[in-house]
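First up is the structure itself, then whatever we jot down about it.
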């Protein structure tokens with residue numbers, strides 16, 4: 001049994017490069033914190049993209065309605081029923 005079998009596995013460790021000014025070895029706790037921070041940042045980025053996409057969809061629906069598209073047309077394009085489309089976007 002090796003000494004590391006009881007430890008959690010770290011997927012990627014920074015490479016120690018002693019010839020690089022300021023380089024250092026990160027502790028296990030620092031690596032886990034950084035990995036968590038990166039995952040949380042990915043969540044924030046996805047949420048921002050989702051918000052932008054949702055706003056773009058709202059604008060497209062308003063434009064389609066102004067051009068004469070029916071709720072059935074819009075629902076079909078989005079993959080929902082006409083009733084759901086009307087309930088979501090009718091003002």
Can you put 73, 45 in order of Cβ neighbours within 10 angstrom, beginning with the fewest?
45, 73
Mind sorting 71, 26, 89 by how few other Cβ atoms lie within 10 Å of their own Cβ, fewest first?
26, 89, 71
With a/c under 1.5 counting as rounded, go ahead and sort the stretch 45-85 into rounded, prolate or oblate using the C-alpha gyration tensor (a ≥ b ≥ c being the square roots of the eigenvalues; past the cut-off, prolate if a/b is larger than b/c, else oblate).
oblate
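Only the coordinates and a few stated rules stand behind these numbers; no lab work does. What you are looking at is a predicted structure, and each value in this text was computed from that prediction instead of being measured. Virtual Cβ from ideal backbone geometry, glycine too; neighbours counted across all protein chains shown.
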